[in-house]
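Structure first, then comments.
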Amino acid sequence: YERDFEERFNIPHITDVFPDAEAIRSTFCLKMRSPTAEFSGGYPSDEEWHGYINNKDRVLLKVIKYSSPTSAGAVCIDPDCTWIEQWVHRAGPREKIYFRPEKVKAAIVTCGGLCPGLNDVIRHIVITLEIYGVKNVVGIPFGYRGFSDKNLPEMPLSRKVVQNIHLSGGSLLGVSRGGPPVGEIVDSMEERGINMLFVLGGNGTHAGANAIHNECLKRRMKVAVVGVPKTIDNDILHMDKTFGFDTAVEEAQRAINSAYIEAHSAYHGIGVVKLMGRSSGFIAMQASLASGQVDICLIPEVHFNLHGPHGVLKHLKYLIETKGSAVICVAEGAGQSFLENTNAKDASGNKVLGDIGVHIQQETKKYFKEIGVSADVKYIDPTYMIRAVRANASDGILCTVLGQNAVHGAFAGYSGITVGIINTHYAYLPIPQVIAYAKSVDPNSRMWHRCLTSTGQPDFI
Ligand code: ATP
Ligand code: MG
């Protein structure tokens, strides 16, 4: 399996470019008892204190063996199929580090949209850098733009500055879309003497981080560029989940609950809730499952018709006749083919989506008017309320570990990597492999089928 691992998940290291790069012993000391100490009978000697991660430690990417091609979700049952057994680098502190803490200038930048937990990650990057002995840590304001805008001075960061930032949502540093070309960013990094860059953002931000890493390689700069994936949609490949997702589902569930109360309290009430998910319906699916109050869940991965004998509207009529009310949960990227394509793009070049929530609301009103049945349709879009909340406890823990591991990865000499949780273990992955495309809900997966079982909805085709 080593061969396959080398091909796909090998992570770039500073010694690939600087074979003679000096390594020093880490002072990030972990007081753990060596297993050999048990046998030596006494208190462990200095030599036996350990707790570092070995560079050759690996995490298994997938832990399932399908015994039949008809097993739900089966991808490959060929015993020679290495797809099932791929390994990625285990994250964590290394004994040998490739940066002298006193010579490090670390920068943190947050780009894209808001996501619960950004402040938690910033906080733990700063705290961990300080523990390594780094004195020079700065925040780049308002995303990549902060590298080029002379009116945006860098923000000095220390444990004191970040101590309480996790108590609120948003990003201490601010975020933005768009920004200067990569060459300009790297010029600015050279000018500022930045040799560790921590980049918090989604697919676009990671594409940027990888380009920065490649540009640094080209210029033979000894710099570590480490990403922490920020996507509320949970659409990053290979990862169990990304930070902010749990919080988003929890908050989304509250919006669904309000929609349900509104719909249930009205005569022939219909609640429509639009949730985040540009190309992946994870939030809509999980929030529907969590709330148990959704009758129809619509996601970008599963085609549906609004009109026609098997369309959503016909089912709504059935629900109104049998239950008296209904709740629809729709992901923002669903049903885009029903909407006018404006070809509009945002500052980062992302397509501006049409509002499927408003469309469903209007079509529903029209339909019930046409069939002469009264219906009270209410639309809730909680997107900005969800994005801005602070992380919940489980995301807080995830952010803590990701922030710490980002710093460990940089000190270990890795660059062009990102950190994530894989099969409950923390790992480093090469950026290109995680941003190759967006992870999406598999309509054949058990989870989607569980969601359908929960809502009781038919196929809308
Ligand atoms: P979100 O999940 O909120 O969309 P994102 O990281 O995908 O997060 P974007 O607005 O797409 O957010 O991109 C963030 C930053 O990354 C922007 O400053 C943008 O200029 C830059 N960027 C996007 N795509 C690329 C790319 N292919 N190469 C270099 N930089 C990029
Ligand atoms: Mg994006």
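The values are calculated or read from the model by the stated rules, or taken from the named source; none is laboratory data. Just so it is clear, the model here is predicted, and its values are computed rather than measured. Counting neighbours? That spans all protein chains shown, and the Cβs are built from the backbone with ideal geometry, glycine included.
Here are a few things to note about the model shown:
- Any hit, the range 145-161, residues being closer than 26 Å to Ile97 by Cα and in a loop (DSSP other than H, G, I, E, B): yes
- Number of positions in the range 158-192 that are within 16 Å of ligand 1 (Cβ to nearest atom) and of a type in the set (Asp, Glu): 2
- Residue count, the range 199-219 (criterion: more than 11 Å from ligand 2 (Cβ to nearest atom), surrounded by fewer than 19 Cβ atoms within 10 Å (Cβ to Cβ) and under 19 Å from Gly178 (Cα atoms)): 1
- One residue alone among Glu301, Glu321 is assigned to a helix (DSSP H, G or I) and among the acidic types (Asp, Glu), and that residue is Glu321.
- The set of residues in the range 121-147 that are out of contact with any Gly (no Cβ under 7 Å at 6 or more places or on another chain), among the small types (Gly, Ala, Ser) and either within 16 Å of ligand 2 (Cβ to nearest atom) or farther than 14 Å from Ile194 by Cβ (or both) contains only Gly133.
- Taking every residue in the range 146-170 that is within 19 Å of Val182 (Cα to Cα) and pairing it with any residue that is assigned to a loop (DSSP other than H, G, I, E, B) and among the aromatic types (Phe, Trp, Tyr), at least 6 positions away or on another chain, the pairs with Cβ-Cβ distances below 7 Å are Leu152/Phe142.
- Within the range 97-114, the set of residues being among the basic types (Lys, Arg) and either part of a helix (DSSP H, G or I) or modelled with pLDDT under 95 (or both) comprises just one member, Lys103.
- Selected residue (only one of Gly133, Gly179, Gly146, Gly117 is out of contact with any Ser or Thr (no Cβ under 6 Å at 6 or more places or on another chain) and modelled with pLDDT under 95): Gly179
- Some residue of the range 394-406 being in a loop (DSSP other than H, G, I, E, B) and either surrounded by fewer than 15 Cβ atoms within 10 Å (Cβ to Cβ) or in contact with a helix residue (DSSP H, G or I) (Cβ under 7 Å, 6 or more places away or on another chain) (or both): no
- Of all the listed residues (Ile236, Ile256, Ile270), the sole one being buried (at least 23 other Cβ atoms within 10 Å of the Cβ), at pLDDT below 95 and either among the aliphatic types (A, V, I, L, M) or over 17 Å from the mean Cα position of the chain (by Cα) (or both) is Ile236.
- Residue satisfying condition, being over 19 Å from Ala284 (Cα atoms) and within 16 Å of ligand 1 (Cβ to nearest atom), within set Gly333, Gly324, Gly349: Gly349
- Lys222 vs. criteria surrounded by fewer than 24 Cβ atoms within 10 Å (Cβ to Cβ) and in contact (Cβ under 8 Å) with a residue 60 or more places away in the chain: yes
- Qualifying residue in the range 122-132 (condition: of a type outside the set (Lys, Arg), in contact with an Asp or Glu (Cβ under 8 Å, 6 or more places away or on another chain) and farther than 24 Å from Arg387 by Cα): no
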